[in-house]
Amino acid sequence: MASLMVEPTTKMLDQWAALINSGYPEIDVEREITTTAGEIIARTSFGLSYQNGNKVFEKLRAMQITLFNSNRYVGVPFSKWMCPKKNLEAKRLGKEIDQLLLSIIDARKKSLDIGTSPQKDLLGLLMEGSLVDGRSGKSLTARELVDECKTFFFGGHETTALALTWTLLLLAMYPDWQNQLRDEIKQVIGDGEIDFTKLADLKKMGWVMKEVLRLYSPAPNAQRQAREDIKVDDLVIPNGTNIWIDVVAMHHDPTLWGDDVNEFKPERFKDDHLYGGCKHKMGFLPFGFGGRMCVGKNLTMMEYKVIVTLMLTRFSFSLSSNYRHSPSILLSLRPRYGLPLLVKPL
Ligand code: HEM
């Protein structure tokens, strides 16, 4: 799968080089990386061509923006009547996305039925699991496959793109870490093509990723519902209550992390690589927890390392004076005004 990530990233970096050559060294890397991550998740999820993937991607993005204003009412009784116009628009977009995905699944089923081997992407693996006696069977319905595809697509591209975006912001602010990662890449990967089996040895890059996810968690909250009355000190949370767990607040709590909680210190993950020295084992939750923990965690770590390696071996990054720091929650935690950076070829 890692190889599917190299081509879209290289294409993006080539475009950056062309822009810089024509006198535009300032690039809004957030927008660029989000598009590339969308292309990567489309390829790794359902092997889509860029064109098809892009259509689904654009509609999902429109749906996300439409839903933004109404999402705070999730779980509130009768909430669908609070923003009727937006809900109708989201429903329409949802139908169009379903149609696009259903046509992809249908084409795949037809090719499975004539004996073509399943494609090695996430949809291919799901459909392989649905084969009965070598023919497409009934264990996962087309509807269920559509829902799985949407979850991968929705959950899988923006979060990763934002992890990369916030990383570039922090690396632009801390050029010493940029250099440390470049040195590590040289030692572990060398100058040639990426040997994917070596990605796990990019230790410092792993610390940087975790520290970025701590400071700017792309998924700023996790949701749960109380299945029984729960007592927390003097407070009782009644059975059935919808709970939003504020991950950003936990990641910035000095009682959990110490007085340097707001500082960028990737080395806090050096000796305690799972919890970064946090005083509570549930204090670091960028991927959620328990049975609903993110299923894309390993895929995203691979993608992160591939993309950061490719970016840092070609360019250096510094802050543009046009950058306005305003992290804001639009379902995910994103830079409200994008991330314009000055990009320089090495
Ligand atoms: C930096 C990148 C990512 C972050 C920060 C992230 C974060 C999260 C979080 C917080 C949850 C909710 C967990 C919970 O409620 O306990 C989640 C769920 C999920 N994520 Fe991710 N994710 C990332 C990348 C991905 C990728 C690349 C994929 C796709 C392959 C993916 C697929 C999913 C799915 C399918 C779920 C739902 C799991 C379930 O409900 O059983 N995620 N993710």
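Laboratory data are not the source of any read-out in this text; all were calculated from the coordinates shown. Since we're looking at a predicted model, the values are computed, not measured. Because the Cβ atoms are built from the backbone with ideal geometry, glycine has one as well, and the counts that use them run over all protein chains shown.
Points to keep in mind about this one:
- Column: log10 I(q)/I(0), Debye, Cα scatterers of region 2-345, q = 0.08, 0.11, 0.12 Å⁻¹: -0.44, -0.83, -0.99
- Between Ala18 and Val236, the modelled label-to-label distance comes to 6.6 nm, taking each label 7 Å out from Cα in the direction of the beta carbon.
- In a fully extended conformation the segment linking Leu102 and Asn322 would gain 74.9 nm over its present Cα-Cα distance, using 0.36 nm per residue.
- Using C-alpha pairs under 8 Å with a sequence gap of at least 6, the mean separation divided by the residue count of region 101-232 gives a relative contact order of 19 percent.
- Residues Glu211, Glu26, sorted so that the one with the fewest Cβ neighbours within 10 Å comes first: Glu26, Glu211
- Dipole of the chain [Lys/Arg +1, Asp/Glu -1 at C-beta], most positive-end residue of Ser111, Thr36, Thr167: Ser111
- In the chain, Cα pairs under 8 Å separated by at least six residues give a relative contact order of 22 percent.
- With K and R counted +1 and D and E -1, the other residues having a Cβ less than 14 Å from that of Phe317 yield a net charge of -2.
- Lys95 paired with Ile245, simple spin-label distance in nm, labels 7 Å along Cα-to-beta-carbon: 3.7
- Nearest-20 debye value, the chain charge dipole, Cβ charges on Lys, Arg, Asp, Glu: 920
- Summed side-chain charge close to Asp260 - residues other than Asp260 whose Cβ falls under 12 Å, Lys, Arg +1, Asp, Glu -1: -1
- In the frame of its principal axes, region 303-343 has Cα extents of 30, 26, 8 Å, reported largest first.
- Label-zone membership for region 206-229, site Ser332, 7 angstrom Cα→C-beta point, backbone N under 14 Å: 213, 216-221
- Two-site FRET efficiency, Glu26 against Asp229, from Cβ-Cβ distance with R₀ of 45 Å, rounded to 0.05: 0.25
- Remark: for residue pairs Lys150/Lys203; Lys11/Lys150; Lys109/Lys297; Lys210/Lys297; Lys265/Lys344; Lys150/Lys297, the C-alpha separation exceeds 22 Å in Lys150/Lys203; Lys11/Lys150; Lys109/Lys297; Lys265/Lys344.
- Residue-span extension gain [Ser117 to Phe289] - 0.36 nm each, minus C-alpha spacing: 58.4 nm
- Counted charge near Pro340, where neighbours are those whose Cβ lies closer than 12 Å (Asp, Glu -1; Lys, Arg +1): -2
- Helix-derived mean residue ellipticity, 222 nm - over the chain, DSSP H n ≥ 4, -39500 (n - 2.57), to 500: -17500 deg cm²/dmol
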